[in-house]
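The values are calculated or read from the model by the stated rules, or taken from the named source; none is laboratory data. Worth saying up front: this structure is predicted, and the values here are computed from it rather than measured. Ideal geometry is used to build each Cβ from the backbone, glycine not excepted, and the neighbour counts take in all protein chains shown. We work out accessible area using only protein heavy atoms, side chains counted, and drop any ligands, DNA or RNA first. Shrake-Rupley method; radii C 1.70, N 1.55, O 1.52, S 1.80 Å.
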Amino acid sequence: PCESVLSVSIRVLFSEQPKCWLYPYKIRLYDAELLDCLCKVMGRRYNNGQLIFVPSQRVAAQVRRTQNLGSYVKGVMGMEALRIFFKYMNVGMLWLWRLGLGPLLSVWPTAFGRFLVIVHTGRKSGLVRRTPVNYTLIDGEIYVTAGFGRSADWVRNTRANPQVEIWLPDGWWVGTVEDVTGQPGHREKLRRVLIDRGFAAPLVGGINPHSASDAQIEQATAGYRLLRIQRREARTGPGGPGEYAWIWPIFTFLLLLGRRRAKS
């Protein structure tokens with residue numbers, strides 16, 4: 001949250017009875033455990049015993065509405081746990097793609113969503129990165145969204161270098177990523193992407209994209225980015241989806257051989 005536009009500051013003073021001031025609103029915080037969570041999630045201790053946190057406009061608005069910094073900290077901790085969950089789930093999905101089973105992830109879009117893999121380049125390391133994301137197709141063009149906004153690593157990488165490769169259920173392509181957030185039709189396209197996220201849409205955004213109003217969609221996705229991927233040419237060769245699919249014939253052969261020996 002600290003990477004968006006700066007707006008207001010929260011200053012936490014450590015004392016026997018910790019207090020917190022949110023300008024221009026005053027909030028009292030006497031729970032030492034929540035205060036420790038705040039330090040871990042949002043900031044750091046300084047030598048003079050102060051913690052400064054500068055949130056984004058969206059975060060500041062949420063804190064103003066709740067008037068309860070403790071509840072907001074718990075919410076941030078929950079989102080961090082959700083981020084970790086998806087991180088490990090993405091590792092498993094990536095291996096399914098490499099084993100040639102990736103298209104099976106999109107066989108039931110209503111429940112599990114539609115998936116592709118974006119192959120992008122690390123903005124600092126220069127290493128190849130692969131990230132599974134949900135997508136939707138509108139008039140032959142691919143749209144994806146970043147639920148964690150600009151802070152998502154793959155979004156920051158594609159902003160630095162928009163040239164990517166994508167693994168789709170029907171092929172492997174070279175493409176270009178373009179941020180189309182705020183352009184005409186943004187809300188309708190974002191709703192389509194959320195619908196094609198399957199179970200993940202209500203889990204992350206807390207809304208049902210099928211029945212939510214436009215205002216609810218706009219509020220729940222205030223920090224989202226909508227990106228369009230334009231396919232330029234098909235790709236073939238090593239290093240793409242199904243690169244480890246050769247394992248399956250060997251596995252099947254060994255399985256049949258084992259059964260045959262067991263019978264004999």
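Numbers for the structure displayed
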item: Accessible surface of Phe112 - all protein chains present, 1.4 Å probe, nearest 10 Å²; result: 100 Å²
item: Residues of segment 227-260 with amide N under 15 Å of a point placed 7 Å along Cα→Cβ from His186; result: 227-228
item: Intensity falloff of segment 132-177 expressed as log10 I(q)/I(0), Debye formula with alpha-carbon point scatterers, at q = 0.25 Å⁻¹; result: -1.09
item: Karplus (6.51, -1.76, 1.60) ³J(HN,Hα), θ = phi - 60°, over segment 152-161, in Hz, Gly and Pro reported as x; result: 4, 4, 5, 5, 5, 5, 6, 5, 6, 9
item: 3J(HN,Hα) from dihedral phi, segment 208-213, Karplus parametrisation 6.51/-1.76/1.60, rounded to Hz, x for glycine, proline; result: 9, x, 6, 10, 5, 6
item: Two-decimal Rg to Rh for segment 180-264 - Kirkwood Rh, Cα set; result: 1.32
item: At R0 = 22 Å, FRET efficiency that the Cβ-Cβ distance of Glu218 and Glu178 yields, to 0.05; result: 0.55
item: Distant-in-sequence amide H partners of Gly175 (H built 1.01 Å from N, under 5 Å); result: Val164, Glu165, Ile166, Arg232
item: Expected-Rg normalisation [2.2 N^0.38 Å, Cα atoms] applied to segment 113-203; result: 1.05
item: Approximate spin-label separation Arg159-Thr110, in nm, with each point projected 7 Å along Cα-to-Cβ; result: 3.8 nm
item: Cα point-scatterer Debye curve for segment 105-264, base-10 log of I(q)/I(0) at q = 0.08, 0.10, 0.19 Å⁻¹; result: -0.30, -0.44, -1.20
item: Cut-off under 5 Å, modelled amide H: who pairs with Gly113 long-range; result: Gly198, Phe199
item: Probe 1.4 Å - accessible area at Trp108, Å² to nearest ten; result: 140 Å²
item: Extension gain, Val91 back to Asn208 (0.36 nm per residue minus Cα-Cα distance, nm); result: 39.5 nm
item: Long-range HN-HN contacts of Leu226 with modeled amide H, under 5 Å; result: Val180, Thr181
item: Using alpha carbons only: equivalent-ellipsoid semi-axes of segment 92-141, gyration tensor based, whole Å; result: 23, 15, 8
item: HN-Hα J in Hz across segment 93-108 - Karplus 6.51, -1.76, 1.60, θ = phi - 60°, x for Gly and Pro; result: 5, 4, 5, 4, 4, 5, 8, x, 9, x, x, 5, 5, 10, 6, 10
item: Most positive-pole-ward Cα, Phe251, Ala234, Ser264, against dipole of segment 224-264 from beta carbon charges; result: Ser264
